[in-house]
Amino acid sequence: MLAFEEALARVLAAVPAPASEDVALREAAGRVLAEQVRSPIDLPVFDNSSMDGYALRAADVASAKPDAPVRLRLAGKIAAGEVFAGEVTAGHCVRLFTGSPLPAGADAVVMQEATRVESNAPGEVLILAPAAPRENVRPLGEDVKRGSSVGQAGELLTTGQVGLLAAVGLTTVRVGRRPVVGLLATGSELQEPGQPLASGRIYESNRVALAMLMERAGAVPRIYPLVADELAATGLALANACDQCNAVVTTGGVSVGELDFIKGALQQIGGELAFWRVAIKPGRPFAFGRCRGKLLFGLPGNPVSALVTFLLLVRPALLLWQGAAHVSLPAVPGVLAERLVNDGERRHFMRVKVDAGGNICSAGLQASHVLSSLALANGLVDVPANTTLPAGTVVSVLRWD
Ligand code: AMP
Ligand code: MG
């Protein structure tokens, strides 16, 4: 039985080097940047006003007060998108708006609320307050300097970052190609949802949950029909999925029962098993191997085990496949509001519920067939073998919501 870190290292070592492709920004959020991106322009593109007001020379209005305003001549108006042809000279100001380019000669903006225009003198503006040089001016390059980095290779693009890339004028980015992953559920007891259950049958629930997690990890799931517990059927389904996808994830049939056919089927169609047991709970019978040049992840059938082993051992592989620099679940500190008990011999990734204040409770029954606690959980806490973590312990929660 492999230690978790050893299993993960062996999985990651088998992942092929990432391939890349250009995608439109609209499609880029959640994808992994394949190369560093440098901004082709400064941001702001030019000095501009952060207020509706008047551009002027700060030195002209140093003495301005509400009861002793400075009177300036209005030399023009700049709407956002326009530029001022002339220059602001001493004793003059120019009307402008948020985002209007600062005209030549001006070095500050006084906001509209600190000014007054008298109806009998529309060509003049009374300035009621002083302005420091550069006040209310958003300087060229303050946000992003031309040539500076606006994205690193290996970064998962956030929506905010996509907005930044658009602002510097990019329309496409180079990202890691998404692996297509076949998804097979094995088990003669399984039934497609949507029909009343036949006796002895259960609804199949792994594929829908795993497909969503695959998509969130940037992969493209390809869902296959249910596979009965028969050696030949399992082998055919595996071979077919391997031929059509970059990797295959199966659930069920990977343990030691005589009706567990994944390992046997893999060998029968010429694949090879790298390992098939990992010292974690839930999810000990996790198989990993190769088949027709593709990676095969054989997850246990129990829905909790399938989901947890996916998050711990498959998700990192799918992210690395796209070139991601960080492939583990985000680990967030929190405080146990109640104790977590692992009296077993394997480390237990326990389902927990973290509230908005960072307080952590067990999500409920921890047995690997219990779906209600899976539904409630938003994280996992790694509890070592034969260990009780008392209430009040600060732990790291692997978040997966
Ligand atoms: P197995 O790993 O095939 O021995 O299955 C372990 C347990 O998980 C059994 O109780 C199965 O009925 C159940 N199970 C297996 N696959 C699924 C599935 N796709 N959806 C829901 N339950 C499953
Ligand atoms: Mg089974």
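Tabulated values for the structure
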quantity	calculated
Among (1) more than 14 Å from ligand 1 (Cβ to nearest atom); (2) in contact with a helix residue (DSSP H, G or I) (Cβ under 6 Å, 6 or more places away or on another chain); (3) under 15 Å from VAL314 (Cβ atoms); (4) not hydrophobic (A, V, I, L, M, F, W, C), the one test that GLN268 misses	(3)
Qualifying residue in segment 302-312 (condition: within 24 Å of the chain's Cα centre (by Cα), within 16 Å of ligand 1 (Cβ to nearest atom) and part of a strand (DSSP E or B))	no
Residue ID - farthest from the chain's Cα centre (by Cα), chosen from residues in segment 279-301 that are of a type in the set (D, E, K, R) and away from ligand 1 (no atom under 16 Å from the Cβ)	ARG292
Residue selected from segment 173-208 under the condition among the basic types (Lys, Arg) and not in a strand (DSSP E or B), by the criterion nearest to ALA375 (Cα to Cα)	ARG207
Residue list for segment 249-267, restricted to those being surrounded by fewer than 16 Cβ atoms within 10 Å (Cβ to Cβ) and outside any loop (DSSP other than H, G, I, E, B)	GLY264, GLN267
From the options LEU329, LEU398, residue that is part of a loop (DSSP other than H, G, I, E, B), on the phi < 0 side of the Ramachandran plot and modelled with pLDDT of 95 or more	LEU329
Tally of residues being farther than 20 Å from LEU311 by Cα and either assigned to a strand (DSSP E or B) or at pLDDT below 95 (or both) across segment 362-395	4
Condition broken by PHE349, with the remaining ones in (1) within 22 Å of THR250 (Cβ to Cβ); (2) outside any strand (DSSP E or B) satisfied	(2)
Any hit, segment 238-247, residues being surrounded by fewer than 22 Cβ atoms within 10 Å (Cβ to Cβ), near ligand 1 (Cβ under 10 Å from one of its atoms) and acidic (Asp, Glu)	no
Test result for ALA337, out of contact with any helix residue (DSSP H, G or I) (no Cβ under 6 Å at 6 or more places or on another chain), surrounded by fewer than 24 Cβ atoms within 10 Å (Cβ to Cβ) and either within 27 Å of PRO221 (Cβ to Cβ) or at pLDDT below 95 (or both)	no
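The values are calculated or read from the model by the stated rules, or taken from the named source; none is laboratory data. Keep in mind that this is a model prediction, so the values were computed, not measured. Counting neighbours? That spans all protein chains shown, and the Cβs are built from the backbone with ideal geometry, glycine included.
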